[in-house]
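Visitor: Dropping a structure here in structure tokens format, bear with me for questions.
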Amino acid sequence: MADRILKASCQTVHLGGFSHKLEPALIIDSGDRIDVETYTGFYIYDKAPKEFLTPEFLDICHHLPPERKVGPGAHLLTGPIYIRDAEPGDVLEVKLESISPRLSVGFNAIRTGWGALPQQFAEPRLRFIPLDLDKQIAEFPTGSGINIPLRPFFGILGVATPETNRSSIPPGGYGGNIDNRELQAGSRIFLPVFVPGALFSIGDGHSAQGDGEINVTAIETSMNGTIEIKLRKDLKLTAPIAETPTDIITMGFGKTLDEAFEFALKQMIEWLENFAKLSAEDAYVLCSLAVNFRITQVVNSPQKGVHGMLPKSILPMAIAL
């Protein structure tokens, strides 16, 4: 195991999507810890206040090589990280040890044609929101006295697939733009591997977000983090699963919320069968009695997200991922 550093630069970030053809930004061994740096706001930097613009970020915005622009999405991602010996069918365990805003400002944007109410809120709007990093709050609107607690997380945690130039916008079995606010420091996410080396990328930092992310964006924030990546050849998954200090989380994605919910429910039943050794029927009943299903996001077209949360407090101590 080694401690590594991955700074964001023109050679270590990519824009708009995932591709198995990207050159790795870093090659690691299973168990390595990485201090990672991410930026956000590539397409709005010319409208940003000076405190949003570091020299390193401006260099990326002005000089990102064409080969690092790999999809139609708006997300600037750090990576990909190549994990030695990772093969299709394996699982990556990504432990999120620390997550903190890089800067004392983030932004929120309404995009025409996007969001939960695109007809009602059709005009584009861009707001920069100051962050009080000492008090760990954002006051919004400024002067209102309404204080939003900062709960930073990475909206995108994902791996490459055989698909070339896959957009960073929709989430899926590969992870990607999950936008699950439960994935804060202290949590772990487990991602299926689809290509040699896995090619894991991270970004889309959010300082605060409500379940649903209904106007398309959260408080979008350039973010620092420390992660540990382990290769798990003892697990078999077809979709991401996560664990927080309090819950097991299954995730579902679909074109409708009904489809996403059904997927998340089936994933939870399967987890309970495999790890708690329940029958499918008992697992189905337990989901009705004790699992909370929540809307993750409704705006990452064409995939909406639902996640199920199973309290670990009801499980025997012997059950562990």
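Visitor: Can you pull out every residue in region 76-97 that is surrounded by fewer than 21 Cβ atoms within 10 Å (Cβ to Cβ) and part of a strand (DSSP E or B)?
Guide: Result: Tyr82, Glu93, Lys95, Glu97.
Visitor: Tally the residues that are without any contact (Cβ under 8 Å) to a residue 60 or more places away in the chain, aliphatic (A, V, I, L, M) and open to solvent by less than 10 Å² (accessible area, probe 1.4 Å), restricting the search to region 251-263.
Guide: 1
Visitor: Looking only at residues in region 109-126 that are without any contact (Cβ under 8 Å) to a residue 24 or more places away in the chain and open to solvent by 80 Å² or more (accessible area, probe 1.4 Å), which one is nearest to Thr40 (Cα to Cα)?
Guide: Arg125
Visitor: Can you say whether Asp46 is touching a helix residue (DSSP H, G or I) at 6+ places or on another chain (Cβ under 9 Å), modelled with pLDDT of 95 or more and either open to solvent by less than 10 Å² (accessible area, probe 1.4 Å) or farther than 19 Å from Ser207 by Cβ (or both), as far as the supplied structure shows?
Guide: Criteria met by Asp46.
Visitor: Same structure, new question: Applying the selection to region 4-22, what residues are open to solvent by 20 Å² or more (accessible area, probe 1.4 Å), out of contact with any Pro (no Cβ under 7 Å at 6 or more places or on another chain) and of a type outside the set (Val, Ile, Thr)?
Guide: Passing the criteria: Arg4, Lys7, Ser9, Gln11, Lys21.
Visitor: Can you name every residue in region 128-150 that is surrounded by 11 or more Cβ atoms within 10 Å (Cβ to Cβ) and not in a loop (DSSP other than H, G, I, E, B)?
Guide: Phe128, Ile129, Pro130, Asp132, Ile137, Ala138, Glu139, Asn147, Ile148
Visitor: Of everything in region 55-75 that's exposed (fewer than 14 other Cβ atoms within 10 Å of the Cβ) and in a loop (DSSP other than H, G, I, E, B), which residue is nearest to the chain's Cα centre (by Cα)?
Guide: Of everything passing the filter in region 55-75, Pro72 is nearest to the chain's Cα centre (by Cα).
Visitor: Listed residues Glu243, Glu220; which is at pLDDT 95 or above, in contact with a Leu (Cβ under 9 Å, 6 or more places away or on another chain), acidic (Asp, Glu) and open to solvent by less than 40 Å² (accessible area, probe 1.4 Å)?
Guide: After applying the criteria, what remains is Glu243.
Visitor: I'd like to know if region 90-97 contains one or more residues that are of a type in the set (Val, Ile, Thr), touching a helix residue (DSSP H, G or I) at 6+ places or on another chain (Cβ under 7 Å) and modelled with pLDDT of 95 or more.
Guide: Scanning region 90-97, I find no residue that is of a type in the set (Val, Ile, Thr), touching a helix residue (DSSP H, G or I) at 6+ places or on another chain (Cβ under 7 Å) and modelled with pLDDT of 95 or more, so the answer is no.
Visitor: A further question follows. When the residues of region 267-292 are narrowed to those that are in contact with a Gly (Cβ under 8 Å, 6 or more places away or on another chain) and buried (at least 17 other Cβ atoms within 10 Å of the Cβ), which ends up nearest to Met309 (Cα to Cα)?
Guide: Only one residue tops the list, namely Val291.
Visitor: Out of Ile248, Ile319, Ile295, Ile227, which single residue is surrounded by fewer than 20 Cβ atoms within 10 Å (Cβ to Cβ) and within 27 Å of Ala208 (Cβ to Cβ)?
Guide: It is Ile295.
Visitor: Please work out which one of (1) of a type in the set (Gly, Ala, Ser); (2) part of a strand (DSSP E or B); (3) buried (at least 21 other Cβ atoms within 10 Å of the Cβ) is the condition Ser100 fails and give its number.
Guide: With (1) of a type in the set (Gly, Ala, Ser); (2) part of a strand (DSSP E or B); (3) buried (at least 21 other Cβ atoms within 10 Å of the Cβ) applied to Ser100, the lone miss is (3).
Visitor: State yes or no: is Ile189 within 20 Å of Thr12 (Cα to Cα) and in a strand (DSSP E or B)?
Guide: Spelling it out, it is not the case that Ile189 is within 20 Å of Thr12 (Cα to Cα) and in a strand (DSSP E or B).
Visitor: Give me the pairs, please: first residue somewhere in region 23-42 and under 8 Å from Ile81 (Cβ atoms) and open to solvent by 20 Å² or more (accessible area, probe 1.4 Å), second residue anywhere and of a type in the set (Val, Ile, Thr) and not in a strand (DSSP E or B), beta-carbon distance under 7 Å, and either six or more positions apart or on two chains.
Guide: These pairs meet every condition: Ala25/Thr12.
Visitor: Return the total of residues in region 182-203 being of a type outside the set (A, V, I, L, M, F, W, C), over 11 Å from the mean Cα position of the chain (by Cα) and open to solvent by less than 10 Å² (accessible area, probe 1.4 Å).
Guide: Looking only at that region, the number is 3.
The values are calculated or read from the model by the stated rules, or taken from the named source; none is laboratory data. Worth saying up front: this structure is predicted, and the values here are computed from it rather than measured. We place every Cβ from the backbone using ideal geometry, glycine too, and count neighbours over all the protein chains shown. Protein only, heavy atoms only, side chains kept; ligands, DNA and RNA dropped before computing areas. Shrake-Rupley method; radii C 1.70, N 1.55, O 1.52, S 1.80 Å.
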